[in-house]
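A.B. asks: For reference, the structure I am asking about is given below.
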Amino acid sequence: MRIFEQLESEVRSYVRSFPVIFDTAEGSFLFDEQGNRYIDFFSGAGTLNYGHNNPVISNALIEYLQRNGIVHGLDKATSAKKRFLQKFYDTVLAPRNLEYKIQFTGPTGTNAVESALKLARMVKGRSNVIAFTNAFHGLTMGALAVTGNNFYRDEFFGMRSNVDHMPYDGYFGPDVNTIEYLRRFLEDKSSGIDLPAAIIVETVQGEGGIHVASVEWLQQLEQLCHEFDILLIVDDIQVGNGRTGTFFSFERAGIKPDMVTLSKSIGGGLPLALLLMRPELDQWKPGEHTGTFRGNNLAFVASTEALAYWDNEDLAESVKYKGQIMEEELTKIRDKYPQLEADVRGVGMVWGLEIKKLGFAGEVSKAAFENGLVIELSGAEDQVIKFLPSLVIDEDTLREGIGIIDKAIGELLERKQEMRTGDVM
Ligand SMILES: Cc1ncc(COP(=O)(O)O)c(C=O)c1O
């Protein structure tokens, strides 16, 4: 590992949580240079919904490269982009009666968020945007301003103006309707909150600690946006692409956002980010928002193959089935260790096990890694163990991975008990 410590910036992070050199990967497994196998419950933070090196995707990429297909094309027309656009329209937009224009932004999620915020402000001629507590939308300056987590928000980074944060669903507990709270600020012209161009929301907060907005809350949010002429942006970068059981995460609420940001798994494992917008909002002048890597042709090839998973209901059904297993198994763990006062939250195949006792979730993730499971943390205090397996994982591997967490918790508690007993003696 010396070369990483010597040359790679101190900003490196996941290499610290998982200090081995990964070499190959297949489906839901990673292998290090020594050939040790790890189950992957991290999935590139939601980028590998279709698994590592999915053979359908890999074969299409190899074939495309071997026939000298265009790899870099700025935003020129290419056959790979043409096929992607047609497939996305036929498989995703048309069956859902969604009319969106598609903007290819720079290749990462934060680029799509920047584009959405800029366009919303331009179209509405207003600068303010409302985001929610614990939101995570990326780390470039505009996206950072709508991100809540204090760890990333340092004054030195520059102005964080033109954004107000409002309480997400459940922020004050189950009895406070935070949409009514927000409404009060919008109704009162002297509340100090300027009418925003847009409200940006994750339907399930991934990095924020797996908070699932209720269907009613999302519907009320859409209604509020209509009433006050505010654009609704759903950031589906982490929990879109089937993670919650439908292609878009907002489908469960039956809402139609004005804009949607998509990235991570939309590229089938390769970098790609999209902004979807209602056609009337597409008020860009040609070239007004550009970037050298807008639309990555290899990612178009990968994505076109991956979208075939949505030609029928099989994947959606399987997410539902495996999501139930996740809920059942995590609930069993919660009940088995009542002393942890753990909470289980999630939907589809994104689940969180919150353990408030400071540092314990981190100890579990570390112990799980030693037993062959890659799993990450989320939440403001890294207090939530985040379960994000690939959507195509088989049931046995899914159960094996959850079993590793169960065992890690049991052993850690036992060790702590022994230490306490030792103290007394
Ligand atoms: C909801 C959401 N939005 C935006 C981003 C930023 O994406 P990227 O890291 O690709 O810039 C993330 C990343 O985790 C995310 O979860």
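A.B. asks: Could you work out the relative contact order of the chain, using alpha carbon pairs under 8 angstrom and six or more residues apart, expressed as a whole percent?
C.D. replies: The value is 22 percent.
A.B. asks: Follow-up. Please find the FRET efficiency linking Met1 to Asn177, where r is the Cβ-Cβ separation and R0 is fixed at 30 Å, and quote it to the nearest 0.05.
C.D. replies: 0.05
A.B. asks: When only DSSP loop residues count, what GluC sites (Glu not before Pro) in segment 255-325 have their Cβ near at most 13 other Cβ atoms within 10 Å?
C.D. replies: The qualifying sites are Glu288, Glu313.
A.B. asks: Based on alpha-carbon positions alone, could you give the equivalent ellipsoid semi-axes of segment 61-189 from the gyration tensor, as √(5λ), descending, whole Å?
C.D. replies: 36, 20, 15
A.B. asks: Given the Cα-Cα distance of Thr140 and Glu288 and 0.36 nm per residue of separation, how much length would full extension add, in nm?
C.D. replies: 51.4 nm
A.B. asks: Here's another thing I want to ask about it. What is the gain in length, in nm to one decimal, between Leu74 and Asp188 on full extension, counting 0.36 nm per residue of separation less the C-alpha to C-alpha distance?
C.D. replies: Gain in length upon complete extension: 36.4 nm.
A.B. asks: Let me ask something else about it. In whole Hz, with x marking every Gly and Pro, tabulate ³J(HN,Hα) for segment 207-223 from phi via Karplus 6.51 cos²θ - 1.76 cosθ + 1.60, θ = phi - 60°.
C.D. replies: 5, x, x, 6, 9, 9, 6, 6, 4, 4, 4, 5, 5, 5, 5, 4, 4
A.B. asks: While we're looking at this one, here's another question. When the Karplus curve 6.51 cos²θ - 1.76 cosθ + 1.60 is applied with θ = phi - 60°, which whole-Hz ³J(HN,Hα) does each residue of segment 63-70 get, with x for Gly and Pro?
C.D. replies: Karplus-based 3J(HN,Hα) across segment 63-70 equals 4, 4, 5, 5, 9, 6, x, 4 Hz.
A.B. asks: Additional query: Using only the alpha-carbon atoms of segment 102-151 as identical scatterers, what base-10 log of I(q)/I(0) does the Debye formula give at q = 0.29 Å⁻¹?
C.D. replies: Debye curve over Cα of segment 102-151, log10 I(q)/I(0) at q = 0.29 Å⁻¹: -1.13.
A.B. asks: So, one more: Given segment 277-410 reduced to its alpha-carbon atoms as identical point scatterers, what log10 I(q)/I(0) does the Debye formula return at q = 0.11, 0.21 Å⁻¹?
C.D. replies: -0.56, -1.17
A.B. asks: While we're looking at this one, here's another question. Roughly speaking, to the nearest percent, how much of the chain's 1.4 Å accessible area is carbon and sulfur?
C.D. replies: 51
A.B. asks: With no solvent and one point per C-alpha, what does the Debye sum give as log10 I(q)/I(0) for segment 141-239 at q = 0.15, 0.21 Å⁻¹?
C.D. replies: -0.66, -1.29
A.B. asks: Viscosity 0.890 mPa s, temperature 25 °C: give me the Stokes-Einstein translational D for segment 195-280 in µm²/s, with Rh taken as the Kirkwood radius over C-alpha pairs.
C.D. replies: 185
A.B. asks: When the Kirkwood hydrodynamic radius is evaluated over all pairs of different C-alpha atoms of segment 272-329, what value in angstrom, to one decimal, is obtained?
C.D. replies: This gives a value of 15.1 Å.
A.B. asks: Identify the residues of segment 104-122 with backbone N under 14 Å of a label point that sits 7 angstrom from the Cα of His226 along the Cα-to-Cβ direction, or state none.
C.D. replies: Correct set: none at all.
A.B. asks: Taking amide H atoms as placed 1.01 Å from N in the peptide plane, list the residues 5 or more away in sequence, or in a different chain, whose amide H sits under 5 Å from that of Phe132.
C.D. replies: Long-range HN contacts for Phe132: Met166.
A.B. asks: What whole-number volume per residue, in cubic angstrom, does the convex hull of the C-alpha atoms of segment 50-89 give?
C.D. replies: So the per-residue Cα hull volume is 91 Å³.
A.B. asks: Something else about it: Of the listed pairs Lys118/Lys264; Lys264/Lys407; Lys332/Lys407; Lys101/Lys189; Lys256/Lys285; Lys320/Lys407, which have alpha-carbon separations greater than 23 Å here?
C.D. replies: Check vs 23 Å cut-off fails for Lys264/Lys407; Lys101/Lys189; Lys256/Lys285; Lys320/Lys407.
A.B. asks: Here's a follow-up. Which value at 222 nm does the chain reach when only helices count, each DSSP H run of 4 or more adding -39,500 (n - 2.57), with the total divided by all residues and rounded to the nearest 500 deg cm²/dmol?
C.D. replies: When only DSSP H runs of four or more count, the value is -11000 deg cm²/dmol.
A.B. asks: Give a residue-ordered list of calculated ³J(HN,Hα) values for segment 351-362 (Karplus: 6.51 cos²θ - 1.76 cosθ + 1.60, θ = phi - 60°; whole Hz; x for Gly, Pro).
C.D. replies: Those phi angles translate into 10, x, 10, 8, 10, 5, 4, 3, x, 5, 4, x Hz.
A.B. asks: What FRET efficiency would be calculated for the residue pair Glu26, Glu381, taking the C-beta separation as r and a Förster radius of 45 Å, to the nearest 0.05?
C.D. replies: 0.85
A.B. asks: Per residue, how much space in cubic angstrom lies within the convex hull of the C-alpha atoms of the chain?
C.D. replies: Each residue corresponds to 173 Å³ of Cα convex hull volume.
A.B. asks: Considering only DSSP beta bridges with both partners in the chain, what is the antiparallel share in %, to the nearest 5?
C.D. replies: 65
A.B. asks: At most 16 other C-beta atoms within 10 Å and a DSSP loop state: those are the exposed trypsin sites (Lys or Arg not before Pro) I care about. Give me the longest piece of the chain that has none.
C.D. replies: 190-355
A.B. asks: Can you tell me the length gained on complete extension of the stretch Lys357 to Ser13, counting 0.36 nm per residue apart and subtracting the Cα distance?
C.D. replies: Between Lys357 and Ser13, full extension yields an extra 121.6 nm.
A.B. asks: With every protein chain present, what is the per residue accessible area of the chain (1.4 Å probe, Å²)?
C.D. replies: With the other protein chains kept in place, the chain gives 47 Å² per residue.
A.B. asks: Still on this structure, please answer the following. So, in Å, what gap is there between the alpha-carbon centers of segment 151-207 and segment 234-249?
C.D. replies: So the two Cα centres are separated by 21 Å.
A.B. asks: A further question on this structure: Which of the three applies to segment 223-328, rounded, prolate or oblate, going by the alpha-carbon gyration tensor with a ≥ b ≥ c and a/c under 1.5 meaning rounded?
C.D. replies: oblate
A.B. asks: Could you give the Stokes-Einstein D for segment 1-95 in µm² per second, using the C-alpha Kirkwood radius, 20 °C, 1.002 mPa s?
C.D. replies: For these conditions, the coefficient is 128 µm²/s.
The values are calculated or read from the model by the stated rules, or taken from the named source; none is laboratory data. Here the structure is a predicted model, which is why all the values come from computation and not from measurement. Positions of Cβ are generated from backbone atoms using ideal geometry, with glycine treated the same way; all protein chains shown enter the neighbour counts. Heads up: the accessible areas ignore ligands, DNA and RNA and are worked out on the full protein's heavy atoms, side chains in. Shrake-Rupley method; radii C 1.70, N 1.55, O 1.52, S 1.80 Å.
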